[in-house]
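S.K.: One structure coming up, written as structure tokens, with questions to follow.
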Amino acid sequence: MILSPQHPLAAGLTHDSRLVRATRGVRSDTLPVWFMRQAGRSLPEYRELRVGTRMLDACLDPAMAAEITLQPVRRHGVDAGIFFSDIVVPLKLVGVDVEIQPGRGPVFGRAYGDAAAVAELTAIDPARLDEASAPIADAVARTVAELATITAPGAATTTPLIGFAGAPFTLAAYLAEGGPSKDHLAARTLMHADPGAWRALMEWTAELTGRFLRTQVVAGASAAQLFDSWAGGLSLADYERHVAPASAAALAHVHDLAYETTDAAGGAATHAVPVIHFGVGTGELLGAMGAIGVDVVGVDYRVPLDVAAQRVGEGVPLQGNLDPALLAAPRPALEAAVRDVVERGRTAPAHIFNLGHGVPPETDPAALTRVVELVHEIGR
Ligand code: CP3
């Protein structure tokens, strides 16, 4: 499907942004920088806005979700907004009983860890999500309308929005357990105890989360990030056999979205929407995560970017990977670590500066603003 000419990518607003250029392997005047979980509890303006509203209610309030998405963009001058939502929102929208408990994460009314429970879940038609997605599309449209007036310091374009979704395995890690777990044992058990039920669960979550991602892109997101946060709990063999095909199926929902550009000489070109693939503890999986058909691989803080570049293979841009713990370290230690990440990132064709995982809630926002300034200064 061709995106509407008003879409920020097609309208020429974000196609040449630092972020989108980096996804094509092209470097700009300086490095693009944004932070996973940049919207959230580290910001006093977020905590103030969220008083009295539950997490998932905030996600389904278009004005609130748009405002929360924009807060870190205005405050830090980052090169992208990340849509304020959650990986379990599509489940909530099709009627699954799920809440997000502060300090804990997603908790379900029951666990979906055996064939009978999986059959109840997969009886829900994932296409039902499209009718329920109006608040998501509305929130994205409000966000990109405002982003069209915001430019990161020194940037040549307005700021793009990144849409995101949870990968099937990370969603299954919560679903099989009925809530957060340390080692995702229930999901890994189902995978081996009942491969048929596992496949059904993977196919269903892939379609649901793929539709969620597609909705955000069609509504105006200029890139898409698939979070497989807990894939690092898997062996490479299990990842490739039982998980990667479902992640690829989820991404198929955005891979057919295209837009057209015309260059100064009048030459027309068609582009796909860029996709970033991220997980935690994925040192052994980096090559396989790059191989499912993505533009950028996100790296956590355990593997230095120069090593990651070798593992992912030549020609693949990287995103990452400052250890979030450094945000609470004295300034000289923080700044030395930022310089090290930037230097190692030079071994990849292009680099999107980020943390190796999300912003810790107790982070001083001034440390984030300083990282943005420093990356823009030394990333030239
Ligand atoms: O700024 C952003 O990155 C955008 C928003 C975003 C949220 N969740 C908002 C949120 C994104 C991209 C996510 C994705 C998400 N949600 C992931 C993948 C990314 C990752 O961190 O690995 C996962 C695993 C979840 C599930 C989830 N939701 C967890 C583990 C938690 C934290 C629970 C806690 O309180 O510590 C949530 C809740 C959540 N999602 C919050 C935010 C801002 C905190 C809720 C609050 O402020 O009360």
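A short reminder: the numbers here are calculations on the coordinates, not readings from a lab. Remember, predicted model here, so these are calculated numbers, not experimental data. As a convention, Cβ positions derive from the backbone with ideal geometry for all residues, glycine included, and neighbour counts pool all protein chains shown.
S.K.: How far is helix 168-177 tilted off the main Cα axis of the chain, in degrees rounded to 10, range 0 to 90?
M.R.: Helix 168-177 sits at roughly 40 degrees to that axis.
S.K.: Something else about it: Using a simple charge model, +1 on the beta-carbon of Lys and Arg, -1 on the beta-carbon of Asp and Glu, nothing else, what dipole does region 79-196 show about its Cα centre, in debye to the nearest 20?
M.R.: Once rounded to the nearest 20, the dipole reads 240 debye.
S.K.: Can you compute the modelled spin-label distance between ALA137 and ALA269, with each label point 7 Å from Cα toward Cβ, in nm?
M.R.: It works out to 3.0 nm between the two label points.
S.K.: Between GLU362 and ALA127, what is the spin-label point distance in nm, taking each point 7 Å from the Cα along the Cα→C-beta axis?
M.R.: Placing both labels 7 Å beyond Cα along the Cβ direction yields 5.0 nm.
S.K.: To the nearest 20 Debye, how big is the dipole of the chain about its Cα centre, given +1 on the beta carbon of each Lys and Arg and -1 on that of each Asp and Glu?
M.R.: Computed about the Cα centre, the dipole is about 560 debye.
S.K.: Could you work out the Kirkwood radius for region 18-378, taking every pair of different alpha carbons, averaging 1/r and inverting it, reported in Å?
M.R.: 20.5 Å
S.K.: While we're here: What ranking do HIS15, HIS255, HIS242 get, fewest neighbouring Cβ atoms within 10 angstrom at the top?
M.R.: Fewest to most other Cβ atoms nearby, the residues stand as HIS255, HIS15, HIS242.
S.K.: Helix 244-255 versus the longest principal axis of the chain: what angle, 0 to 90°, nearest 10, using Cα atoms?
M.R.: For 244-255 against the chain, the angle is about 60 degrees.
S.K.: Okay, next question. Suppose R0 equals 45 Å; then what is the FRET efficiency for GLU48 and ARG241 from their Cβ-Cβ distance, rounded to the nearest 0.05?
M.R.: Step by step, r from the Cβ atoms, then E = 0.45.
S.K.: Taking the Cα of GLN6, stepping 7 Å toward and past its beta carbon, and measuring to each backbone N in region 138-157: which are under 19 Å?
M.R.: Output list for this probe position: 138-150.
S.K.: Next question. If you wrap a convex hull around the Cα atoms of region 1-87, how much volume per residue is inside, in Å³?
M.R.: Value for region 1-87: 131 Å³ per residue.
S.K.: Which listed residue (ALA250, THR282, SER181) has the Cα farthest towards the positive end of the charge dipole for region 18-378, taking +1 on Lys and Arg C-beta and -1 on Asp and Glu C-beta about the Cα centre?
M.R.: Working it through, the farthest residue towards the positive pole turns out to be THR282.
S.K.: In addition: Sort ARG21, ARG41 so the one with the fewest other Cβ atoms within 10 Å of its own Cβ comes first.
M.R.: ARG41, ARG21
S.K.: Compute the orientation-averaged projected area for region 71-177 from the convex hull of its Cα atoms and round it to one decimal in nm².
M.R.: 8.2 nm²
S.K.: For region 212-225, in order, what is each residue's ³J(HN,Hα) by Karplus, 6.51 cos²θ - 1.76 cosθ + 1.60 with θ = phi - 60°, in whole Hz (x at glycine and Pro)?
M.R.: Karplus-based 3J(HN,Hα) across region 212-225 equals 4, 5, 4, 4, 5, 5, 4, 6, x, 5, 9, 7, 10, 10 Hz.
S.K.: Moving on. Past the 23 angstrom mark, what percentage of all C-alpha to C-alpha distances in region 235-380 do you count?
M.R.: Tail fraction, whole percent: 45.
S.K.: Then there is this: At 7 Å along Cα-to-Cβ for each site, give me the label-to-label distance between HIS255 and GLN310 in nm.
M.R.: Inter-label distance under the simple model: 3.0 nm.
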